[in-house]
Amino acid sequence: VLILAIETSCDETSVAVVKNGSEVLSNIISSQIETHRAFGGVVPEVASRKHVEVITLVIEEALATAGVTPDQLSAVAVTQGPGLVGALLVGVVAAKSLALAWGKPLIGTHHIAGHIYANRLVAELQYPCMTLVVSGGHTELVHMEREGEFRIIGRTRDDAVGEAYDKVARALGFPYPGGPHVDRLAREATEVVPLPRVWLEPGSYDFSFSGLKSAVLNVVNQSKMKGLTPDVAGIARGFQESVVEVLVEKAVRAVKATNSKQLLLCGGVAANAGLRAALISRCEAENIELIIPPPVYCTDNAAMIGAAAYVKWQHDGGTPLDMVADPGFSLEHWSVSAY
Ligand code: ATP
Ligand code: MG
Ligand code: FE
């Protein structure tokens, strides 16, 4: 089964050709980060316009790199949501046009299911499994009892981890996206500025990061008021230690509580060196099988959409051509229904 997959939910225009939901024949990613950096974050109108400019070229390049012609494709998949509505629309319109022109089925795909199934590109998944989703807009613990069935057992009540990283980075004087800068500073730090951990009610799998972010802002402001230069590396280290400790603890607890056979990590923050190292050593100690995709499959890409689309397609077939881009698309509702 050959699927052409399109992803335009945020600021990456990406098109991939994926075989059987696991073998990546091409995965072209055109990033707009340079364009948005000047604004300190993603500007929705600018993102849509950029997607329109490059989408046709990225589609052609994905086909050429894969050495595949449209008649060989089984289906066209596209991120239906969640994401920026104008950005999603560009991908959805392109996918519908191609599906119609080539006479191929369309597969509307959930973006976070894509992040989760990025793991299918690097390992064979065993169910039940637990996924820790840590991206720019989401922080969730997702339990999968079976293939394609998603149940969110914990989620952030305020900021997503990536969002918190970006805000903290900005407070420390670093440009968007700030996650990688905080990660690097944390590694270089010699001191640790102590910051609070937010556990919420006992037994809860939910997260909260806005209080931690405020604590960082307080430390920065207090140093400035005293005329001192804030210890940016120490703050970055303290922030990262707090985030990582809570994420690892709750993920491991969720694995045990659900008898999950594997723990999967995904989303842009999965690129974080501190989080990866802590999860690897903790899972080793607890005898939990941990899967982490390489960074290129952690941040937004179309290969992961092809992987999730394949699973959905196997169970439920295609999506009606009149489907619409949905910025609030629900992961649980996207679960496969054919059992
Ligand atoms: P969503 O998938 O929830 O819609 P998104 O697709 O915008 O959000 P991703 O592309 O998965 O998010 O991830 C981007 C986020 O990952 C940014 O917030 C960025 O700062 C963060 N990030 C990237 N690398 C690192 C790192 N090494 N450490 C921490 N955060 C990182
Ligand atoms: Mg992005
Ligand atoms: Fe994403």
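Hey, can you tell me all the residues within region 205-229 that are part of a helix (DSSP H, G or I) and within 22 Å of Gly162 (Cβ to Cβ)?
Those that are part of a helix (DSSP H, G or I) and within 22 Å of Gly162 (Cβ to Cβ): Ser210, Gly211, Leu212, Lys213, Ser214, Ala215, Val216, Leu217, Asn218, Val219, Val220.
Answer yes or no: is there a residue in region 232-246 that is surrounded by fewer than 19 Cβ atoms within 10 Å (Cβ to Cβ), within 27 Å of Arg282 (Cβ to Cβ), of a type in the set (Gly, Ala, Ser) and under 21 Å from the mean Cα position of the chain (by Cα).
Checked against the condition, which is being surrounded by fewer than 19 Cβ atoms within 10 Å (Cβ to Cβ), within 27 Å of Arg282 (Cβ to Cβ), of a type in the set (Gly, Ala, Ser) and under 21 Å from the mean Cα position of the chain (by Cα), region 232-246 yields no hits at all.
Go through (1) within 16 Å of ligand 2 (Cβ to nearest atom); (2) touching a Leu at 6+ places or on another chain (Cβ under 9 Å) for Tyr176 and report which single condition fails.
For Tyr176, the failing item is (2).
Restricting to region 269-288, what's the tally of residues that are touching a residue at least 40 places away in the same chain (Cβ under 8 Å) and either crowded, with 24+ Cβ neighbours inside 10 Å or of a type in the set (D, E, K, R) (or both)?
Of the residues in region 269-288, 3 are touching a residue at least 40 places away in the same chain (Cβ under 8 Å) and either crowded, with 24+ Cβ neighbours inside 10 Å or of a type in the set (D, E, K, R) (or both).
Taking interchain pairs and intrachain pairs at least six residues apart, which have beta carbon atoms under 8 angstrom, with the first residue in region 7-33 and under 18 Å from Pro293 (Cα atoms) and the second assigned to a strand (DSSP E or B) and of a type in the set (Lys, Arg)?
Leu25/Lys19
Out of everything in region 11-43 that is assigned to a strand (DSSP E or B) and charged (D, E, K, R), what residue ends up being nearest to Val311 (Cα to Cα)?
The qualifying residue nearest to Val311 (Cα to Cα) is Lys19.
Report, by residue number, each residue of region 12-31 that is surrounded by fewer than 19 Cβ atoms within 10 Å (Cβ to Cβ) and within 16 Å of ligand 3 (Cβ to nearest atom).
Ile29, Ser30, Ser31 - these are the residues of region 12-31 that are surrounded by fewer than 19 Cβ atoms within 10 Å (Cβ to Cβ) and within 16 Å of ligand 3 (Cβ to nearest atom).
Taking the residues in region 281-332 that are of a type in the set (Val, Ile, Thr), within 15 Å of ligand 3 (Cβ to nearest atom) and out of contact with any Phe, Trp or Tyr (no Cβ under 9 Å at 6 or more places or on another chain) as candidates, determine which candidate is nearest to Lys19 (Cα to Cα).
Ranking the candidates gives Val296 first.
State the number of residues belonging to region 121-165 that are in contact with a Leu (Cβ under 6 Å, 6 or more places away or on another chain) and part of a helix (DSSP H, G or I).
0
Return yes or no: is Glu34 of a type in the set (D, E, K, R), away from ligand 3 (no atom under 16 Å from the Cβ), farther than 28 Å from Leu125 by Cα and under 23 Å from the mean Cα position of the chain (by Cα)?
The answer is yes for Glu34.
Has region 189-197 got at least one residue that is touching a Leu at 6+ places or on another chain (Cβ under 7 Å) and outside any helix (DSSP H, G or I)?
yes
Which ones in region 48-74 are surrounded by fewer than 20 Cβ atoms within 10 Å (Cβ to Cβ) and farther than 20 Å from Ala101 by Cα?
Those that are surrounded by fewer than 20 Cβ atoms within 10 Å (Cβ to Cβ) and farther than 20 Å from Ala101 by Cα: Ser48, Arg49, Glu53, Thr65.
Considering only region 291-323, state which residues are polar (S, T, N, Q) and under 15 Å from the mean Cα position of the chain (by Cα).
The first filter runs over region 291-323 and keeps only residues polar (S, T, N, Q), leaving 299, 301, 314, 319.
Correct list: Thr299, Asn301.
Let's see how each residue does on (1) among the aliphatic types (A, V, I, L, M); (2) in contact with an Asp or Glu (Cβ under 9 Å, 6 or more places away or on another chain); (3) more than 16 Å from ligand 1 (Cβ to nearest atom):
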position	(1), (2), (3)
Ser9	no, yes, no
Lys19	no, no, yes
Glu34	no, no, no
Leu57	yes, no, yes
Glu60	no, no, yes
Thr79	no, yes, no
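Of all residues in region 283-328, count the ones that are assigned to a loop (DSSP other than H, G, I, E, B), among the small types (Gly, Ala, Ser) and either in contact with a strand residue (DSSP E or B) (Cβ under 8 Å, 6 or more places away or on another chain) or closer than 22 Å to Ile55 by Cβ (or both).
Number of matching residues: 4.
We did not get these values from a lab; they are worked out from the coordinates using the rules stated. In this text, all values refer to a predicted model and were calculated from it rather than measured experimentally. All Cβ positions, glycine included, derive from the backbone under ideal geometry; neighbour counts span all protein chains shown.
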